[in-house]
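A.B. asks: First, the structure itself, so that you have it in front of you.
The values are calculated or read from the model by the stated rules, or taken from the named source; none is laboratory data. This is a predicted model, so every value here is computed, not measured. We place every Cβ from the backbone using ideal geometry, glycine too, and count neighbours over all the protein chains shown.
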Amino acid sequence: MIEGFAALYIFMLAAFTGYEVISRVPVILHTPLMSGSNFIHGIVLVGAMVALGHAETGLEMLIGFLGVILAAGNAVGGYVATERMLEMFDKSSRGGA
Amino acid sequence: MSGFIEIVYFAAAVIFILGLKRMSSPVTARSGIVWAGFAMVAATLVTFFSPSVYGHGFFNLLLIVVAIGVGSYLAYRSAKAVEMTDMPQMIAIYNGMGGGAAAAIAAVELVRFSGGHDIGGGMVQLLAVLGALIGAVSFSGSAIAFAKLQGLMNKTLRLPSHQQLNIALFVVTVLFGAILAFSGEVSGFTVFLFFLCALALGVMVTLPIGGADMPVVISLFNALTGLAVAFEGYLLGNAAMIIAGTVVGSSGTLLTQLMAKAMNRPLSNILFSSFGSDSGVAAEEDIAGSMKEIEASDAAVMMAYADKVIIVPGYGMAVAQAQHKLAELVQLLEDRGVTVKFAIHPVAGRMPGHMNVLLAEAGIDYDKIYDLDEINPEFPTAEVALVIGANDVVNPVARTNPDSPIYGMPVLDADKARNCIVIKRGKGSGFSGIENHLFYAENTRMLYGDAQKAIGELISGVKQL
């Protein structure tokens, strides 16, 4: 478990990291990048699995079930969309002189 | 085992950050997403061995597998099938799903809490509620953004005193949230009302926002979903979720700022005032000159004998799926020794980089593609600027007329090229409803028609020479 100030430190460092990593991205990659970061918050799937895993009542299971479907959609959709876009950049780098 | 799970989560978080970094260069971008993909698969697999997942019976486990299967299948099919031009709304919907998932996690925990379970209390409880609020808003808001971009909902909808309604709704939602966050025990009904209000808030906030502002809004929702995921990570004590969510939250915020800056529209303007409402005034002013039409064959001659042609693609190119034809035209021109460059406005199309994605799809080398700052000094040296379905991003009034709603927005100086050819479907004004003085300029010629068809005519024109 992560508690108190440790959590705050993680939060702060991760926030700066995200800011720094992105600030060097050229405009041409902005849409793939948005899609890529969209994929990365698909890690919510892990949390949704835990939530559904320890659900007990029918209502909890229903919400958890929907949560896992949504999270899986986020992760898989985000990945495929990003991959398809970046694949094109790959092609153009090979095709170019 | 739990130590092993932690190690995998930690590694996943590190790889996500490295993956994002690799996405910062066109050369390594593809490997970046693949890395992140492996990390995601690994993190998902080890989660099956977490006691809270397998420890509560076979039925829960079965539900998890089925849900992952269903969600993955639907998303995979849709993401594979979608046209590149429709990518923005797909990003919106996948992002909304993430927000919904974050809200669902909080909902499960809050329902458990209302049933007497201890979920941590204090700070954890507050963050869980905050994440739920943000996630739910992102979920319903993204759904509206999707509907608008998909064309299911064309009008911007403003109810009477929309802003006051939004504020009231916000206050009520926060009130319910505060009850959930600070009470020792809550009723399931309060949880239900809270989520209902939060979802309604997302819809209400997004409804009045015009289609042109949608990219910024999607980017904002993307950042918000990241934040919601991070907060739910605290609730579950999951470091991978905290780090990945926060990284997305901060990078998404930066991206949103960059986009808003490119449009010269403070984020507060986009969210709280609709673009269309104040632009009608500027359209009425007198414009000197008239729109002059040109035949495709004449335009083809101009371009074929030019030294340098700068192409300004816009949303019209995306709608007409004209990027492949355009690539063919560029090839023809280059074979004749013409230097061809692309000028991309940061908000051309519906997302920053939207045009780049389409041009890359058509196999156009990204060395030919230039940002606004790089290309603007070059327009005066170009014989022809070819504007394809772009409007507001080349409107010179943004430089010249302080009364114009888009005054101050950085624009591409297509009007400074010696000749300007504008491919346009009709005589109407652009997304913002503002008259474009470029179209009336002395050196501008209009080539009316669907972009794909018009470029096809240009191609046959060049071929005949």
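A.B. asks: Could you please let me know if A:E83 is facing chain B (nearest Cβ under 7 Å), within 18 Å of the chain's Cα centre (by Cα) and among the charged types (D, E, K, R)? Working first, answer last.
C.D. replies: On the way: facing chain B (nearest Cβ under 7 Å): yes; within 18 Å of the chain's Cα centre (by Cα): yes; among the charged types (D, E, K, R): yes.
Taking the combined requirement at face value, the residue satisfies it.
A.B. asks: List the number of the failed condition for B:N60; all other conditions in (1) under 23 Å from the mean Cα position of the chain (by Cα); (2) buried (at least 20 other Cβ atoms within 10 Å of the Cβ) hold.
C.D. replies: The one condition B:N60 does not meet is (1).
A.B. asks: Within region B:125-145, can you find the residues that are within 12 Å of B:G202 (Cβ to Cβ) and not aliphatic (A, V, I, L, M)?
C.D. replies: B:G135, B:S138, B:F139, B:S140, B:G141, B:S142
A.B. asks: Tell me which of these A:G58 doesn't satisfy, since it passes every other one: (1) farther than 30 Å from B:G115 by Cα; (2) more than 7 Å from chain B (Cβ to nearest Cβ).
C.D. replies: It is condition (1) that A:G58 fails.
A.B. asks: Take residues that are within 17 Å of the chain's Cα centre (by Cα) and closer than 26 Å to A:G78 by Cβ and tell me which of the helices (runs of 4 or more DSSP H) falling wholly in region B:155-251 contain 1 or more.
C.D. replies: B:188-206, B:214-236
A.B. asks: Right, another one. How many residues, within region B:380-424, are surrounded by 22 or more Cβ atoms within 10 Å (Cβ to Cβ) and over 20 Å from B:M263 (Cα atoms)?
C.D. replies: Here the count works out to 10.
A.B. asks: If you check B:K427 against the conditions, is it at pLDDT below 85 and more than 23 Å from B:K261 (Cβ to Cβ)?
C.D. replies: Criteria met by B:K427.
A.B. asks: For region B:107-122, state whether one or more residues are within 9 Å of chain A (Cβ to nearest Cβ), crowded, with 22+ Cβ neighbours inside 10 Å, under 30 Å from B:S78 (Cα atoms) and aliphatic (A, V, I, L, M).
C.D. replies: Within region B:107-122 (the criterion being within 9 Å of chain A (Cβ to nearest Cβ), crowded, with 22+ Cβ neighbours inside 10 Å, under 30 Å from B:S78 (Cα atoms) and aliphatic (A, V, I, L, M)), the answer is yes, since at least one residue qualifies.
A.B. asks: Being more than 20 Å from B:L332 (Cα to Cα) and free of Cβ contacts under 8 Å to residues at least 24 places away in the same chain is the filter here; which residues of region B:352-372 pass it?
C.D. replies: Selection gives B:G353, B:N356.
Each row is one residue, and each column tells you yes or no for (1) among the small types (G, A, S); (2) facing chain A (nearest Cβ under 8 Å).
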site	(1), (2)
B:A11	yes, no
B:S50	yes, yes
B:L62	no, no
B:L74	no, yes
B:T85	no, no
B:G98	yes, yes
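A.B. asks: Something else about it: For region B:349-375, name all the residues that are in a helix (DSSP H, G or I) and either basic (K, R) or more than 7 Å from every other protein chain (Cβ to nearest Cβ) (or both).
C.D. replies: B:M355, B:L358, B:L359, B:K368, B:L372, B:D373, B:E374, B:I375
A.B. asks: Here is a follow-up. Name every residue in region B:314-332 that is surrounded by 21 or more Cβ atoms within 10 Å (Cβ to Cβ) and either under 20 Å from the mean Cα position of the chain (by Cα) or not in a helix (DSSP H, G or I) (or both), in order of residue number.
C.D. replies: Once the filter is applied, which keeps residues that are surrounded by 21 or more Cβ atoms within 10 Å (Cβ to Cβ) and either under 20 Å from the mean Cα position of the chain (by Cα) or not in a helix (DSSP H, G or I) (or both), region B:314-332 yields B:G314, B:Y315, B:G316, B:M317, B:A318, B:A320, B:A322, B:Q323.
A.B. asks: Under 8 Å between Cβ atoms, which residue pairs at least 6 apart in sequence (or on different chains) link something in region B:106-122 that is at pLDDT below 80 with a partner that is polar (S, T, N, Q)?
C.D. replies: Note: pairs meeting the criteria are B:I119/B:Q125.
A.B. asks: Name the residue, out of B:G96, B:G131, B:G141, B:G135, that is buried (at least 24 other Cβ atoms within 10 Å of the Cβ), touching a residue at least 24 places away in the same chain (Cβ under 8 Å), of a type outside the set (S, T, Y) and under 12 Å from A:G73 (Cβ atoms).
C.D. replies: None of the others qualify; the one that does is B:G96.
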